[in-house]
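So the structure is just underneath, and the comments pick up after that.
The values are calculated or read from the model by the stated rules, or taken from the named source; none is laboratory data. Computed from a prediction, not measured in an experiment: that's the story for all the values here. Reconstructed Cβ throughout: ideal geometry from the backbone, glycine too, with neighbour counts over all protein chains shown.
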Amino acid sequence: MVDSTLVLFGQTLAYTFYAIAMILVVGWVAWRLTKPGKGGGVKPAVFFTFVAFLTVLGVSLHLITLKTIPWVEPDLHRASVQVDRVFEIRVADHEFRLPEARLVVKVGEKVRFVVTSDDLTYGFGVFRPDHTMVFQMQVVPGHTNDVIWQFTKPGLYTIRSTEYSGPKGIHMVVPDAIEVLEAK
């Protein structure tokens with residue numbers, strides 16, 4: 001599984017270039033339309049060629065990122081994914097209730113986090129020590145809320161609520177809740 005920071009960096013570059021290309025085309029069309037004298041405007045063939053290019057580029061970016069986003073594959077084929085561990089976590093009254101004080105996994109293991117809310121809609125986010133998000137999901141009461149994840153780096157990870165659930169929600173942080181060990 002690709003680390004989500006690498007995916008975010010790649011998507012940032014790709015979509016930045018895409019946005020710049022779109023802005024340049026719109027600026028060029030606007031400049032041609034407002035140009036005084038003869039020849040103002042853009043020939044329809046040129047304009048539609050650029051529109052077609054941007055459409056193909058945009059769709060291509062989406063198709064490429066479909067295979068690079070780490071959570072897509074396990075989610076699309078969740079019925080056939082064999083997990084190594086399942087952690088059932090309950091959330092109620094603005095508190096995460098973990099099955100163990102610290103959830104221990106190894107690098108490369110597939111883990112299913114099943115999170116159940118007893119009262120409100122919460123978020124379940126896992127964060128690196130530098131406070132960047134690894135993944136998150138919304139936890140809705142009365143629904144199956146689960147995510148399959150495969151950690152790629154050892155370390156301690158924090159669980160936080162990523163959904164507004166009232167003023168008490170800011171305190172929904174479990175530091176170092178997940179310990180990922182180097183695989184042996």
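(1) modelled with pLDDT under 80; (2) more than 21 Å from Tyr157 (Cα to Cα): which one isn't true of Leu6, the others all being true? Status for Leu6: all satisfied but (2).
Yes/no per residue for (1) under 20 Å from Ser4 (Cβ atoms); (2) modelled with pLDDT of 95 or more:
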| site | (1), (2) |
| --- | --- |
| Arg102 | no, yes |
| Gly125 | yes, yes |
| His131 | yes, no |
| Val140 | no, yes |
| Gly155 | yes, yes |
| Arg160 | yes, yes |
| Glu163 | yes, no |
| Ile170 | no, no |
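Out of curiosity, is Gly108 small (Gly, Ala, Ser) and surrounded by 14 or more Cβ atoms within 10 Å (Cβ to Cβ)? No: the conditions fail for Gly108. Out of the residues in segment 23-45 meeting the condition of being among the hydrophobic types (A, V, I, L, M, F, W, C) and exposed (fewer than 14 other Cβ atoms within 10 Å of the Cβ), tell me which one is modelled with the lowest pLDDT. Filtering segment 23-45 for residues that are among the hydrophobic types (A, V, I, L, M, F, W, C) and exposed (fewer than 14 other Cβ atoms within 10 Å of the Cβ), the one modelled with the lowest pLDDT comes out as Leu33.
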